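Okay, so here's the structure we're looking at.
The values are calculated or read from the model by the stated rules, or taken from the named source; none is laboratory data. The structure displayed is predicted, hence computed values, not measured ones. Please note: Cβ atoms are built from the backbone with ideal geometry, for glycine as well, and neighbour counts cover all protein chains shown.
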Amino acid sequence: MTIINSKEFATNQAKYYNLAQNEQLGIKRGKNMYQLIYTPVEIYPGQPFSEPDDNLRRAITADELLIRIHKDIREKFKNRL
């Protein structure tokens, strides 16, 4: 396993991503060490990376979030008076 520090990794990311394809790579940051693992992923143009899950189905739009935030703020101020 090749071990490098986080500064070296940040400076030469492309080099180490390519290196990780053929050998194990450890990145040391402070007292912690992380392992860079190469896993090829096939992505087809026009298709999502993965199927929508329950979390995505429960998601709200930015406009819905803004409406809810305004409602919460109004309630907080009303309760203060």
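So the check is Cβ under 6 Å with 6+ separation or different chains; which pairs have a first residue in region 1-16 that's more than 10 Å from L36 (Cβ to Cβ) and a second one that's loosely packed, with under 14 Cβ neighbours inside 10 Å and of a type in the set (K, R)?
S6/R29
Identify all residues within region 1-58 that are at pLDDT 80 or above and among the small types (G, A, S); write none if there are none.
Once the filter is applied, which keeps residues that are at pLDDT 80 or above and among the small types (G, A, S), region 1-58 yields S6, A10, A14, A20, G26, G30.
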